[in-house]
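Take a look at the structure below.
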Amino acid sequence: MREDAATRSPWILHFDTGSCNGCDLEVWALLTPRYDVERFGMVNKANPKHADILLITGPVTKKSEQRLINLYNQTPDPKLVIACGDCASNGVPFLDCYNVCMGVDKVIPVDLYVPGCSCRPEAIMDAVVKGIGMWKKKVEEADR
Amino acid sequence: MSMIVSSLKNLLSKPDTVRYPFERTDIPSNNRGRVVWDMERCIWCRLCEKNCPTKAIVTDKAAKTQTITRVRCIQCRTCVDVCPTNTIAMEPVYSEPGPAREVHTYAVGMKKGEYTVGLMPLSERDETRLRKR
Amino acid sequence: MSRTSVIPFGPQHAAFLEPFHLKLQVEEEVVVGAEMSFGYNHRGMEYAMAQDFKRTQFLCERVCGICSFHHSSAYVQTMERLFGIEAPERAKLVRMIMMEAQRLTSHLLALGHIAETVGYENMFMQFFREREEVMTLVNRISGGRVHYSMNAIGGIRKDVTYEGLKDIGETMDRLEPRLLDLRSIVRKDRTLRKRLIGVGVLSKEAAFDWCTVGPTSRGSGLPHDIRLTGFDGYGVNGVKFRPIYYDEGDCYARTMVRMDEVIQSVDLIRQGINLMRDGPFLNAVKGNPPAADAYGRVEAPRGELMYWVRGKNEVQLDRIKLRTPALVNVPAVSAMIKGARVADVGPITVSVDPCICCTDR
Amino acid sequence: MTDAITGLAMLIAVPLLIGLLLGIDRRLTARMQNRVGPPLLQPFYDLWKLFGKERRAVNQAQVSFAAASVLLQFTAFAVFATGGDLLVAFFVSGAGNLALALGAFSSRSAYGQLGGQRELLQVLAYEPVLFLVIFILGWQNGSFLSDAFGENLLYLLPLALIAMVPVVLITMQKSPFDIATAHQEIVSGVYVEYSGTYLGLLKLGHWFELAFVFGIITLFFSADDIVISLLGKSLIVLVFVFLAVLIDNSTARTTRGDMVFKTLAFGLGLTIINLVLLWIDVSGAIW
């Protein structure tokens, strides 16, 4: 029952950790009329304390590393982290850049990776739907 | 026209939304989605591997395989352009998101469009981090 | 009794898409001081871009996803100068059309973002609905929604077909009346005007002193547009346009500059299609960049974007330097923000269309 | 005895109806923005999910204030639903809002402080209007007890009903008057430091507050036939929700000074004109 309701109301927090804005725009495209993820009850809350799903874009620059950890810690359990795009998954287009941590999973645990540079809104939506499917496991983890 | 009129008009007209997972979106046929190999034609020139800007492709001439790390591919279509034998094609379908970073291996002898799925090899840094846990 | 308190805006905030930190000193709700800090998005792009001039073609698009085609156009233009070649006319016109299409997406984003920061959710949605139309169009033309990857040093990588051009024309016909509707709404809407007029005024002199470029300077009455210098398709005979500028210098003027430029972009795209003739589209280059330097500049949606490259007869470049428009526009916010209310901080910062990934690189 | 039962039924049914109304509101908003929008039961899903989240509070005071706010709002609505004094309900509901603001002040977050301040300003803006409307209702009716309303007041007090529009806008947190929860300025204002269960509690409190405000609107209409009476009451509420959504979708947010001034001028002006007209009517001059 508990996870059933939660899966119908995933609130998201979007944080840009140094991406090129491509995936950020696609995240915004999700909120707007054409894709409209509010159909699944998804709302951009922009507040870690209200969020359930963290959509992280960007290869995590050294300066935003600590901020990302803070945001992660401020989000109450159960929570889900989705790394949007290639650079969030493993930092790849920015191979030679000296100031990046090469991926979100180097800093916080990631549940889902969305490939693509930039990833299509459909791919992010697929990831969210998959993430909702993982929710039950997450609730059990949080209860432990 | 004022916003009130526009709002009422929107209220009465059909929503602009594509009900995506239940309905297909119009991904154009030339969309740069993901690369696939037709291994029958590969002549092992390694041009794709050399030209890949993100080193997503690994060619293994001995084992006769082409391997691509999906999350490393930035869909620039360079490999398709440089391939002398049209072995590589760009499909409009994008790579699926998933809990693991998949590595797809195309080998000679597989049917067209078939591949084996592996996981992205961990870097040294990853391994030390996992050991710490 | 006066007491200043500090309000941190960002790096993660509802009003900003990107991470940048704004430390506001407020008394009650009036801003008395602002301190900006950047670097959350600094990846070290200039170093990475100097590693391989062929790869840079794709990497420079990833400097900024909103103006990716402008970045790659500026880069290939610079490299063409370095190699001493010229792109064919058809390639130039395709570049112009795609640049204007990207200007449409970028400006519609900025306009929607401004509407969002003043709490006008419906207008935000309307702008993004039209933007999605352009996004699907460029997806059909180039194969990518954000990164077009169409440019190559010496022209374009793949020609735009006849059907493609027809598709662009039809989409523009469909889009134009809707954009004109939106413009009349922005012009008339009382609550929006009340929130934007007279807010964040940047005088003509101040705009000059802060070296602002693009819509920010044109909103302050400086008719400064790099497209007039005639790079790429803008230099082709028959392309006509006049820079749009407003004298007021407030948030509303900057918004209106963008709104009018959206209509102008539609017009320029039509001109480009009409001028298009069959012909070659790529003058391929061979060898490594010579040991010389060259610069190139384009008018990105936010203003003048400049690339400077020095080669060294190797695959690596000796140095690549880019000067992005947001780098000079964003500091001007600190001049606009003094004395504003907290409620106006969002619209003021967004009205210069800060692109932090361009600024920090 | 029957009164107590109807009161109890109302206590349970009305918050559920409010949840549904908020669902309609979100759906309608989405349609006006050319989107599909969430399912109608979305507010219930949200609330249920919040109660399932981890309990985490910045400090103990915050929790007490959240609890106080919910209890006070509930009491206000309970007083109203069981036929109690409107004035008591009004002041208790106001105290609930105060507790909400204090809860925001108790955290040291800058956004919380700003949100609390703005919440108080909102209270300052709409409570005088609401108070005057309640006063005029009670005065016309001859009693402030909510179950003593049996007369149709719609044709006598049309302007007072219109004066309720900004009040509904403010309590529903709709643009142009959503300054206390201005998402893009101060994130979510008073709610910013709450999470999980406590946020759910505050949302529930907000539902009770809305139930009370909409309850006052329903007092304007009444008929002898209970079916017609109920239909008319719900129609008024639906018209108000539709108006609120339409205004929300065609205005930008105003600033705080504007909000106070406009709400007070509009609301107080209309109610006072209505009052004067009534007074003239009572003395038999015109009408």
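The values are calculated or read from the model by the stated rules, or taken from the named source; none is laboratory data. This structure is a prediction, so every number in the text was calculated from the model and none was measured. Here the Cβ positions follow ideal geometry from the backbone for every residue, glycine too, while neighbour counts run over all protein chains shown.
I need the full set of residues from the stretch B:52-107 which are part of a strand (DSSP E or B), within 11 Å of another protein chain (Cβ to nearest Cβ) and free of Cβ contacts under 8 Å to residues at least 12 places away in the same chain, in order please.
The answer is B:Gly98, and nothing else.
Among the candidates A:Asp86, A:Asp96, A:Asp77, which residue alone is at the interface with another protein chain (Cβ under 7 Å from one of its Cβ atoms) and within 22 Å of A:Leu25 (Cα to Cα)?
A:Asp86
Please go through the stretch D:169-203 and give me each residue that is in contact with a Leu (Cβ under 8 Å, 6 or more places away or on another chain) and at pLDDT 80 or above, ordered by number.
D:Thr171, D:Met172, D:Tyr191, D:Tyr194, D:Thr197, D:Leu199, D:Gly200, D:Leu202, D:Lys203 - these are the residues of the stretch D:169-203 that are in contact with a Leu (Cβ under 8 Å, 6 or more places away or on another chain) and at pLDDT 80 or above.
If you go through the stretch A:22-52 one residue at a time, how many are assigned to a loop (DSSP other than H, G, I, E, B), among the charged types (D, E, K, R) and under 27 Å from D:Gly112 (Cβ atoms)? Spell out the reasoning first.
Going through the stretch A:22-52, the residues assigned to a loop (DSSP other than H, G, I, E, B) turn out to be A:32-36, A:41-42, A:45-47, A:51-52.
The next check asks that each one be among the charged types (D, E, K, R); those that pass are A:34, A:36, A:45, A:52.
Checking the rest, the ones that are also under 27 Å from D:Gly112 (Cβ atoms) come to A:45, A:52.
Qualifying residue count for the region: 2.
Can you name every residue in the stretch C:167-213 that is small (Gly, Ala, Ser), at pLDDT 85 or above and in contact with a helix residue (DSSP H, G or I) (Cβ under 6 Å, 6 or more places away or on another chain)? Please lay out each step first, then the result.
Residues of the stretch C:167-213 small (Gly, Ala, Ser): C:169, C:184, C:198, C:200, C:203, C:206-207.
Restricting the remaining residues to those that are at pLDDT 85 or above gives C:169, C:184, C:203, C:206-207.
Those that are small (Gly, Ala, Ser), at pLDDT 85 or above and in contact with a helix residue (DSSP H, G or I) (Cβ under 6 Å, 6 or more places away or on another chain): C:Gly169, C:Ala206, C:Ala207.
For D:Val237, only one of the following conditions fails: (1) crowded, with 23+ Cβ neighbours inside 10 Å; (2) more than 30 Å from C:Arg187 (Cα to Cα); (3) among the hydrophobic types (A, V, I, L, M, F, W, C). What is its number?
Exception for D:Val237: condition (1).
With respect to C:Asp344, determine if the residue is surrounded by 16 or more Cβ atoms within 10 Å (Cβ to Cβ) and of a type in the set (Asp, Glu).
Considered against the rule, which asks whether it is surrounded by 16 or more Cβ atoms within 10 Å (Cβ to Cβ) and of a type in the set (Asp, Glu), C:Asp344 comes out as yes.
Which residue is farthest from the other protein chains (Cβ to nearest Cβ), if the candidates are limited to the stretch C:313-341 and must be of a type in the set (Val, Ile, Thr) and surrounded by fewer than 22 Cβ atoms within 10 Å (Cβ to Cβ)?
Taking the candidates together, the pick is C:Val328.
Okay, residues lined up against (1) at the interface with chain A (Cβ under 9 Å from one of its Cβ atoms); (2) under 21 Å from A:Cys20 (Cα atoms); (3) in contact with a Leu (Cβ under 6 Å, 6 or more places away or on another chain):
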| site | (1), (2), (3) |
| --- | --- |
| C:Leu82 | no, no, no |
| C:Glu100 | no, yes, yes |
| C:Tyr148 | no, yes, no |
| C:Asn151 | no, yes, no |
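With the structure loaded, tell me whether A:Leu112 is surrounded by fewer than 24 Cβ atoms within 10 Å (Cβ to Cβ), within 10 Å of chain C (Cβ to nearest Cβ) and in contact with a strand residue (DSSP E or B) (Cβ under 8 Å, 6 or more places away or on another chain) or whether it fails that test.
Judged against the criteria, A:Leu112 is not a match.
For the stretch B:25-49, what are the residues that are of a type in the set (Ser, Thr, Tyr) and under 20 Å from C:Ser149 (Cβ atoms)?
B:Ser29
Please count how many residues of the stretch C:125-152 are more than 22 Å from D:Arg31 (Cβ to Cβ) and of a type in the set (Phe, Trp, Tyr).
1
Across the stretch B:1-32, what is the total count of residues that are buried (at least 19 other Cβ atoms within 10 Å of the Cβ) and under 19 Å from the mean Cα position of the chain (by Cα)?
Residues meeting the conditions: 2.
Of the residues D:Ala76, D:Ala66, D:Ala57, which is within 26 Å of A:Ser9 (Cβ to Cβ), in contact (Cβ under 8 Å) with a residue 40 or more places away in the chain and surrounded by 23 or more Cβ atoms within 10 Å (Cβ to Cβ)?
Of the residues listed, the single one that is within 26 Å of A:Ser9 (Cβ to Cβ), in contact (Cβ under 8 Å) with a residue 40 or more places away in the chain and surrounded by 23 or more Cβ atoms within 10 Å (Cβ to Cβ) is D:Ala66.
Taking the condition of being touching a Pro at 6+ places or on another chain (Cβ under 6 Å), surrounded by fewer than 22 Cβ atoms within 10 Å (Cβ to Cβ) and at pLDDT 85 or above, how many residues in the stretch D:33-54 meet it?
1
Looking at (1) at the interface with chain C (Cβ under 8 Å from one of its Cβ atoms); (2) surrounded by 23 or more Cβ atoms within 10 Å (Cβ to Cβ); (3) assigned to a helix (DSSP H, G or I), which is the one condition that is false for A:Ser19?
All conditions are met except number (3).
If I filter the stretch B:12-21 for residues that are under 30 Å from C:Thr191 (Cα atoms) and charged (D, E, K, R), do I get at least one hit?
Checking the stretch B:12-21: at least one residue is under 30 Å from C:Thr191 (Cα atoms) and charged (D, E, K, R).
Which of the numbered conditions does C:Ile168 fail, given that it passes all the others? Conditions: (1) of a type outside the set (Ser, Thr, Tyr); (2) more than 14 Å from every other protein chain (Cβ to nearest Cβ); (3) surrounded by 15 or more Cβ atoms within 10 Å (Cβ to Cβ).
In the conditions (1) of a type outside the set (Ser, Thr, Tyr); (2) more than 14 Å from every other protein chain (Cβ to nearest Cβ); (3) surrounded by 15 or more Cβ atoms within 10 Å (Cβ to Cβ), C:Ile168 misses (2) alone.
Which of (1) of a type in the set (Asp, Glu); (2) surrounded by 19 or more Cβ atoms within 10 Å (Cβ to Cβ); (3) over 30 Å from C:Gly198 (Cα atoms) does C:Glu304 not meet, given it meets every other one?
(3)
Report whether or not D:Gln113 is in a helix (DSSP H, G or I), touching a strand residue (DSSP E or B) at 6+ places or on another chain (Cβ under 9 Å), more than 14 Å from chain A (Cβ to nearest Cβ) and not β-branched (Val, Ile, Thr).
Yes: the conditions hold for D:Gln113.
Can you tell me which residue in the stretch A:115-127 is farthest from the other protein chains (Cβ to nearest Cβ), limited to those that are in contact (Cβ under 8 Å) with a residue 60 or more places away in the chain and among the aliphatic types (A, V, I, L, M)?
Checked the stretch A:115-127; the qualifying residue farthest from the other protein chains (Cβ to nearest Cβ) is A:Ile124.
Name the single residue, out of those in the stretch B:1-50 being of a type in the set (S, T, N, Q) and assigned to a loop (DSSP other than H, G, I, E, B), that is farthest from the other protein chains (Cβ to nearest Cβ).
Only one residue fits best here, namely B:Ser29.
Scan the stretch D:16-24 and tell me whether some residue there is in contact with a Gly (Cβ under 6 Å, 6 or more places away or on another chain), without any contact (Cβ under 8 Å) to a residue 60 or more places away in the chain and in a helix (DSSP H, G or I). Full working, then the answer.
Quick first cut of the stretch D:16-24, residues in contact with a Gly (Cβ under 6 Å, 6 or more places away or on another chain) only: none.
Taking every residue of the stretch D:16-24 in turn, none turns out to be in contact with a Gly (Cβ under 6 Å, 6 or more places away or on another chain), without any contact (Cβ under 8 Å) to a residue 60 or more places away in the chain and in a helix (DSSP H, G or I).
Please specify each residue of the stretch A:63-74 satisfying the condition of being facing chain C (nearest Cβ under 8 Å) and either out of contact with any Gly (no Cβ under 9 Å at 6 or more places or on another chain) or not in a helix (DSSP H, G or I) (or both). If you could, list the steps in order and put the result at the bottom.
Going through the stretch A:63-74, the residues facing chain C (nearest Cβ under 8 Å) turn out to be A:63-64, A:67, A:71.
A:Arg67, A:Leu71, listed by residue number.
For residues in the stretch C:29-79 being more than 9 Å from chain A (Cβ to nearest Cβ), of a type outside the set (Gly, Ala, Ser) and touching a Gly at 6+ places or on another chain (Cβ under 6 Å), which is surrounded by the fewest Cβ atoms within 10 Å (Cβ to Cβ)?
Result: C:Gln77.
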